[in-house]
Structures are given as structure tokens and as C-alpha cells.
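Comments concern the structure below.
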Amino acid sequence: MAETSKLLAYLKANHIKQQLVATVIGRSLSTTNRKLNNHSEFTKLEIQKLHVSLKIPIDILL
């Protein structure tokens, strides 16, 4: 995954809450927060869900 701050900055700039990200990928808020803060990685399926559902550009997610 790309630099975490890049994704967090995108989420903040587009007013996308971590809870929404968690709902889209089917994970708890705690697990999602770990993924967003680089303690765990997003799976390919989670990346696809974020791209399709929230229109997050692939270059931000990879």
C-alpha cells in the first residue's frame, strides 16, 4: 500500500470517515484504524472495494 499519510490525507480532504471505510471493507473500526496507520495491510479485495464504493483512486490505495 502507498504511504499511509497519503490515504489519510485523501480521506480527510474528501470528508470520508474511518467508520465508512470500515463498513465498506467489512472490518471493525479498530482493524481499519490499524490498516490506515500501517500496522496491517489492506487486502486486494479491500482495495478493490474502496476503489469501487468510495471512488478512491488506485494510485492512492497502492
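Since every read-out is calculated from the coordinates, none of them should be taken as a lab result. Model, not experiment: these values are computed from the prediction. Here the Cβ positions follow ideal geometry from the backbone for every residue, glycine too, while neighbour counts run over all protein chains shown.
Quick rundown of the values:
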{"item": "Cβ-Cβ under 7 Å pairs, at least 6 apart or on other chains, segment 29-43 side closer than 14 Å to Leu11 by Cα, far side surrounded by 12 or more Cβ atoms within 10 Å (Cβ to Cβ) and polar (S, T, N, Q)", "result": "Thr32/Gln18; Asn33/Gln18; Leu36/Thr4; Leu36/Gln18; Asn37/Thr4"}
{"item": "Selection count, segment 9-62, where residues are in a loop (DSSP other than H, G, I, E, B) and not hydroxyl-bearing (Ser, Thr, Tyr)", "result": "15"}
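Table: residues versus (1) surrounded by fewer than 18 Cβ atoms within 10 Å (Cβ to Cβ); (2) of a type in the set (Gly, Ala, Ser); (3) within 9 Å of the chain's Cα centre (by Cα).
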residue: Gln19; (1), (2), (3): yes, no, no
residue: Ala22; (1), (2), (3): no, yes, yes
residue: Arg27; (1), (2), (3): no, no, no
residue: Arg34; (1), (2), (3): yes, no, no
residue: Phe42; (1), (2), (3): no, no, yes
residue: Val52; (1), (2), (3): yes, no, no
residue: Lys55; (1), (2), (3): yes, no, no
residue: Ile58; (1), (2), (3): yes, no, no
residue: Leu62; (1), (2), (3): yes, no, no
